[in-house]
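Colleague: Structure incoming, see below.
The values are calculated or read from the model by the stated rules, or taken from the named source; none is laboratory data. Please read all numbers here as calculations on a predicted model, not as lab measurements. When we count neighbours, we look across all protein chains shown, and the Cβ atoms used for this are built from the backbone with ideal geometry, even at glycine. Surface areas here come from the heavy atoms of the whole protein model, side chains and all, with no ligands, DNA or RNA. Shrake-Rupley method; radii C 1.70, N 1.55, O 1.52, S 1.80 Å.
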Amino acid sequence: MTSSPLLEVRDLTRDFVVRGGLGRVAKRFRAVDGVSFDLHRGDVLGIVGESGSGKSTLVRMITRLIAPTRGEVRLDGHDLLALSGSTLRAERRRFQMIFQDPYASLNPRWNMRRILDEPLRAHGLKSDGAARIASVLDQVGLPTTFLNRYPHELSGGQRQRLNIARALIPGPDLLVADEPVAALDVSIQAQTLNLLLDLQRDRGLTLLFIAHDLAVIKTLCNRVGVMSRGKLVDLGEAEDVFKNPTSDYTRTLLDAIPRMPARADE
Amino acid sequence: MTQPLLDIRNLSVGFVRDGMTHLAVQAVSLSVGRGEIVGLVGESGCGKSLTAKAVMGLIGRKPGQVAGGDIRFEGRNLLEATDREIQALRGHRIAMIFQDPMTSLNPVFTIGNQIAEVPRIHEGAPANEAWATAVSALEQVGIAEASTRARQVPFEFSGGMRQRAVIAMGLAGHPDLLLADEPTTALDVTVQAQILDLLKQLRDRTGCGILLITHDLGVVAETCDRVAVMYAGRIVEEASVKELFARPRHPYTDGLFRAVPTLERTGRLEPIPGQPPDLDSIPAQGCPFRDRCPLAESQCADTMPPLVGCNNHRVACWKREVGS
């Protein structure tokens with residue numbers, strides 16, 4: 001058989017409590033409902049779903065940004081949910097996140113050098129810091145002459161490259177990206193998707209990728225999970241899910257995408 | 001030839017910054033006929049929303065201003081109309097749907113009240129009639145139990161329903177011209193499909209003209225009859241939808257088509273190198289796309305190519321003229 005998965009997610013569930021008047025519990029809302037999947041090294045798993053389907057809540061639990069109601073998350077066999085304090089901080093080096101809004105996720109008062117320095121400081125990697133910074137900048141295609149620039153001096157595409165560089169710098173095993181290209185224009189989106197494809201190919205990066213755009217998922221991912229109302233309703237190889245979706249919901253989603261007609265010259 | 005419903009000629013919109021005028025819309029000519037859905041596509045900052053805002057008379061004197069051209073609605077130049085005349089048209093004969101349904105609705109008034117305001121103001125309708133119009137507009141956009149829903153406030157509506165409420169508000173004045181600025185961008189694909197269907201039905205039923213602003217080429221392909229592509233404030237290509245998708249001529253249009261991920265493609269995309277120019281850095285002369293263009297040569301730096309071709313397809317490029 002193949003090696004054990006890098007990431008194992010089992011029965012992950014999160015309830016939110018909606019409060020009524022005077023702090024009474026009005027109702028419970030299950031945002032993520034019993035989600036299980038494995039992610040192997042070098043795989044790119046895309047999670048697709050409409051707004052409110054629970055996809056962001058799912059990755060926030062996996063990255064320990066919010067606590068699950070129940071379930072298990074194992075990274076390389078280690079129980080991530082059992083970690084706390086300094087052991088959690090140390091483990092965070094192995095899973096890094098890229099957020100949707102390339103501007104809101106960068107401190108506007110820090111220049112690029114400081115933004116990239118922070119994860120090195122946090123993970124005690126300062127000794128070879130300069131080399132690491134030069135190396136990630138080269139990988140994401142930003143010149144080192146930009147190091148003194150502030151986020152407002154970068155274009156949208158460059159900001160997202162910086163976010164990717166910041167996530168890569170501690171050398172993570174798993175990269176979790178929540179809608180990293182949704183805010184970008186088509187021509188810039190293509191550059192960013194190609195960068196992620198190259199990183200995946202060259203570094204064997206394992207990627208958990210969230211998007212609402214099925215075409216973006218199709219470009220990048222070899223595996224796909226489809227979420228609807230907190231449940232994973234389809235999961236499998238990308239080709240299979242797109243060609244023969246098992247759930248009616250996935251079929252509806254695929255049918256709703258506006259198609260571009262074929263060109264006459266191709 | 002009959003005159004188009006909306007006829008924009010040589011429109012320029014500029015921003016004055018440090019005493020310099022930067023043109024964000026440059027010499028744009030575009031028309032929308034009755035019963036026609038025209039798409040205006042381009043990336044953020046290309047001037048497509050600004051064009052629609054100019055039609056609505058929403059460009060003030062500062063910092064942005066209309067720097068030249070005509071905007072004719074049924075032959076009348078809107079730029080010469082008084083504020084009172086514009087006010088009579090706006091919301092009534094010409095309506096606009098904005099991208100973000102949450103910020104275009106007032107959170108403290110009921111949905112019904114906000115829609116009923118349109119017939120009350122423009123037709124002087126009594127309150128009960130205006131309310132009935134509002135409920136029927138909500139029914140038209142497919143909101144179930146419209147009479148109950150009309151009494152709710154915006155936060156009680158989902159995102160898709162809010163956008164439908166905003167469209168209902170546009171419909172309540174029975175407009176002849178509807179300007180829809182990214183009406184489905186904030187919505188999920190299944191809701192988007194419903195809203196686009198709704199716009200097409202509306203056109204079929206009332207014969208209104210629609211200018212649909214979007215960055216999504218799939219939306220254009222499924223909804224529009226004709227399409228204009230904008231780059232850095234200029235229309236660089238204009239054609240029937242069928243023609244544009246079959247034979248894109250401008251290198252920018254071509255690049256966009258190649259860069260967009262689709263379900264049919266896998267693997268690396270073909271991005272357009274570089275990035276769109278900022279307002280400050282749009283070159284004063286020559287083609288604004290030349291720095292990113294694979295075909296550019298010295299002529300492109302000197303003179304902006306005119307938008308030329310036949311009725312069905314016009315392109316502004318020295319290297320890719322229609323029929324070449």
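Colleague: Please state which of the following conditions residue A:216 fails to meet, knowing it meets all the rest: (1) within 10 Å of chain B (Cβ to nearest Cβ); (2) in contact with a His (Cβ under 9 Å, 6 or more places away or on another chain); (3) β-branched (Val, Ile, Thr).
Modeller: With respect to (1) within 10 Å of chain B (Cβ to nearest Cβ); (2) in contact with a His (Cβ under 9 Å, 6 or more places away or on another chain); (3) β-branched (Val, Ile, Thr), residue A:216 is out only on (2).
Colleague: I would also like to ask the following. Touching a Cys at 6+ places or on another chain (Cβ under 8 Å), over 26 Å from residue A:170 (Cβ atoms) and within 12 Å of another protein chain (Cβ to nearest Cβ), is that true of residue A:264?
Modeller: Spelling it out, it is not the case that residue A:264 is touching a Cys at 6+ places or on another chain (Cβ under 8 Å), over 26 Å from residue A:170 (Cβ atoms) and within 12 Å of another protein chain (Cβ to nearest Cβ).
Colleague: Test residue B:236 against the criterion of being of a type in the set (A, V, I, L, M, F, W, C) and over 20 Å from residue B:10 (Cβ atoms), and give yes or no.
Modeller: Against the criterion (of a type in the set (A, V, I, L, M, F, W, C) and over 20 Å from residue B:10 (Cβ atoms)), residue B:236 does not qualify.
Colleague: Among the residues of segment B:170-190, which ones are under 14 Å from residue B:99 (Cα atoms) and in a helix (DSSP H, G or I)?
Modeller: The answer is B:170, and nothing else.
Colleague: Which ones in segment B:92-103 are open to solvent by 20 Å² or more (accessible area, probe 1.4 Å) and modelled with pLDDT under 90?
Modeller: B:92, B:98, B:99, B:100, B:102, B:103
Colleague: Quick one: what pairs do we get from segment B:261-281, first residue touching a residue at least 24 places away in the same chain (Cβ under 8 Å), second open to solvent by 90 Å² or more (accessible area, probe 1.4 Å) and in a loop (DSSP other than H, G, I, E, B), C-beta under 6 Å, 6+ apart or different chains?
Modeller: none
Colleague: Can I ask one more? Are any residues in segment B:5-47 part of a loop (DSSP other than H, G, I, E, B) and without any contact (Cβ under 8 Å) to a residue 40 or more places away in the chain, and if so, which ones?
Modeller: If the condition is that a residue be part of a loop (DSSP other than H, G, I, E, B) and without any contact (Cβ under 8 Å) to a residue 40 or more places away in the chain, then B:18, B:19 are the ones that fit.
Matching residues to (1) under 21 Å from residue A:41 (Cβ atoms); (2) among the β-branched types (Val, Ile, Thr):
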residue: A:195; (1), (2): yes, no
residue: A:199; (1), (2): yes, no
residue: A:207; (1), (2): yes, no
residue: A:212; (1), (2): no, no
residue: A:224; (1), (2): yes, yes
residue: A:239; (1), (2): yes, no
residue: A:246; (1), (2): no, yes
residue: A:250; (1), (2): no, yes
residue: A:255; (1), (2): no, no
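Colleague: Report yes if some residue within segment A:160-168 is more than 13 Å from chain B (Cβ to nearest Cβ) and part of a strand (DSSP E or B); otherwise report no.
Modeller: No, segment A:160-168 has no match at all.
Colleague: The conditions are (1) touching a Ser or Thr at 6+ places or on another chain (Cβ under 7 Å); (2) among the small types (Gly, Ala, Ser); (3) assigned to a loop (DSSP other than H, G, I, E, B), and residue B:116 fails exactly one of them. Which is it?
Modeller: (3)
Colleague: Moving on. Quick one: count up the residues across segment A:204-251 that are open to solvent by 40 Å² or more (accessible area, probe 1.4 Å) and touching a Ser or Thr at 6+ places or on another chain (Cβ under 6 Å).
Modeller: Counting residues in segment A:204-251 that are open to solvent by 40 Å² or more (accessible area, probe 1.4 Å) and touching a Ser or Thr at 6+ places or on another chain (Cβ under 6 Å) gives 2.
Colleague: Please return the ranges of helices (runs of 4 or more DSSP H) entirely within segment A:187-259 where 1 or more residues are under 30 Å from residue B:230 (Cβ atoms).
Modeller: A:214-220, A:248-256
Colleague: I want to confirm something. Restricting to segment B:129-184 and keeping residues that are hydroxyl-bearing (Ser, Thr, Tyr) and crowded, with 19+ Cβ neighbours inside 10 Å, which single residue is nearest to the other protein chains (Cβ to nearest Cβ)?
Modeller: Here the residue is B:184.
Colleague: Which of the residues belonging to segment B:194-215 are within 22 Å of residue B:103 (Cα to Cα) and open to solvent by 30 Å² or more (accessible area, probe 1.4 Å)?
Modeller: B:194, B:215
Colleague: Still on this structure, I have one more. Pick out, from segment B:191-284, the helices (runs of 4 or more DSSP H) lying fully within it that include 3 or more residues that are at the interface with chain A (Cβ under 10 Å from one of its Cβ atoms), of a type outside the set (A, V, I, L, M) and within 30 Å of residue A:198 (Cβ to Cβ).
Modeller: B:251-259
Colleague: OK, next. In the list A:223, A:201, which residue meets the criterion of being more than 10 Å from chain B (Cβ to nearest Cβ) and among the charged types (D, E, K, R)?
Modeller: Only one candidate passes the filter, namely A:223.
Colleague: If a residue must be more than 25 Å from residue B:31 (Cα to Cα) and buried (at least 18 other Cβ atoms within 10 Å of the Cβ), how many such residues does segment B:287-318 contain?
Modeller: Of the residues in segment B:287-318, 5 are more than 25 Å from residue B:31 (Cα to Cα) and buried (at least 18 other Cβ atoms within 10 Å of the Cβ).
Colleague: I'd like the residue in segment A:10-27 that is modelled with pLDDT under 95 and under 26 Å from residue A:83 (Cα atoms) and, out of all such residues, is surrounded by the fewest Cβ atoms within 10 Å (Cβ to Cβ).
Modeller: Within segment A:10-27, the match that is surrounded by the fewest Cβ atoms within 10 Å (Cβ to Cβ) is A:17.
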